[in-house]
1. Failed condition for B:Ala26, given (1) without any contact (Cβ under 8 Å) to a residue 24 or more places away in the chain; (2) more than 30 Å from B:Ser210 (Cα to Cα), with all others met?
2. Does B:Pro276 fit the bill of being touching a residue at least 24 places away in the same chain (Cβ under 8 Å), surrounded by 12 or more Cβ atoms within 10 Å (Cβ to Cβ) and part of a loop (DSSP other than H, G, I, E, B)?
3. Being touching a strand residue (DSSP E or B) at 6+ places or on another chain (Cβ under 6 Å) and modelled with pLDDT under 90 is true for just one of B:Ala217, B:Ala256, B:Ala270. Which residue is that?
4. For B:Pro48, which of the numbered conditions (1) more than 14 Å from chain A (Cβ to nearest Cβ); (2) touching a residue at least 60 places away in the same chain (Cβ under 8 Å); (3) in contact with a Ser or Thr (Cβ under 8 Å, 6 or more places away or on another chain) fails to hold?
5. Go through region B:10-38 and count every residue that is within 7 Å of another protein chain (Cβ to nearest Cβ) and either aromatic (Phe, Trp, Tyr) or touching a His at 6+ places or on another chain (Cβ under 6 Å) (or both).
6. Is there a residue being more than 10 Å from chain B (Cβ to nearest Cβ), touching a helix residue (DSSP H, G or I) at 6+ places or on another chain (Cβ under 6 Å), part of a helix (DSSP H, G or I) and at pLDDT 85 or above anywhere in region A:31-43?
7. Six or more apart or on different chains, Cβ atoms under 9 Å: show the pairs whose first residue is in region B:62-84 and closer than 16 Å to B:Leu183 by Cβ and charged (D, E, K, R) and whose second is modelled with pLDDT of 95 or more and in a strand (DSSP E or B).
8. Suppose we filter region B:211-267 for residues that are of a type outside the set (Val, Ile, Thr) and within 27 Å of the chain's Cα centre (by Cα); how many remain?
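The values are calculated or read from the model by the stated rules, or taken from the named source; none is laboratory data. Note that the coordinates shown come from a computational prediction; the quantities given were computed from them, not determined experimentally. Cβ atoms come from the backbone with ideal geometry, glycine included; neighbour counts cover every protein chain shown.
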Amino acid sequence: MIEEIHVLGVYMPAALVWAIGAAVLVYLLRVPIQRLPIYRLLWHPSLFELALFALLWWGLSASADLLLPHGVLS
Amino acid sequence: MLHRHNLLRSIATLLVLLVILAAIYALWIRYQVEPVTRDGKVRADMVPVAADVSGLVTEVRVADNGEVKRGDVLFVIDRPRYRIALEQAQAVLASQQAALAQAVREDRRNRAMTDVIAAEAIEQGRARVEELRAAIGQASAARDLARFNLERTIVRAPVDGTVSNVSLQPGVYLTAGKPALALVYTRSMRVEGYFEETKLPAIRVGDPASVYLMGVADEIKGHVESIAGGVEDRERAGADGQLANVNPSFTWVRLAQRIPVRIAIDAIPANVRMIPGQTATVVVHPRDDGRAVRRSLPW
């Protein structure tokens, strides 16, 4: 389990880093997703983006726990 | 057509909401419930080595951070002074013995001539013998104590370990009982994870655990040795035997307290050095033994 990530000697909780990563990904994915037909089905497009963010956050955490060996980032 | 479209929109939005809740739940389990803590410390028992006798330090036989075995000499205190004290005690004992021998001879002689010697004088002679016997007991105890003190001028390591923070130099005057250097008992090395009390139900004694030292990639294997028997109640002051003094607090936000969980080390990878005080991340892997821990949801 990756619990913390250090950036230039500062140890941060991994959750924070994955959240930033998820937010950046959602920002990048916004434009392509807006072209999808599903987008017109939603009352609140921002709700979909929030869902995407939460999913990506959890996905990044879980896949980092599974795939990243200790010592790659932490 | 419009009606069907609206229904579809509602369902899609509901689905999205469910996905958000599910993801939040998964995140909450991962970060708030699974028994993991970044708040762990490497710890070891420490013996503050103190001299049993006061005096000048005449010799220091350990270097800072050196490893010592049990019984190794750490430093020596003013032996000549304590040797002189022993000689003095021996001399006192010898003089008492001489005095006793003389008193015994006098007493024997007095008792053989009861016709010429006053009864009072005979009694005095007998009392003198008894006094001297008692004085010899005292002097012999004093000699033993002096010998013991002389032995204690050589300060030995009470346990195997590493001496640390040694700044002792010959010429320093040590008073008895004052710690002179710290000896870290290497075999008591363990990791203590300070787990939030909310994570504690998942932890049982004997569960395997992984420990990661800050900045070290290699895993240190261990197992849960014990869980603290109690922590301080921070809301309450006052000693035993007094009335309870409870802090009149009203808290909107409460934080989970930390409970120390002791992790015994099973295997340390080669080249990994554990130093008491180091920061560690502790991951406990709960065994699948059919235990039922009912987790409370976030409320």
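1. Unmet for B:Ala26, out of (1) without any contact (Cβ under 8 Å) to a residue 24 or more places away in the chain; (2) more than 30 Å from B:Ser210 (Cα to Cα): (2).
2. yes
3. Just one listed residue meets the conditions, B:Ala256.
4. Result: B:Pro48 passes all but (3).
5. 1
6. no
7. none
8. 27
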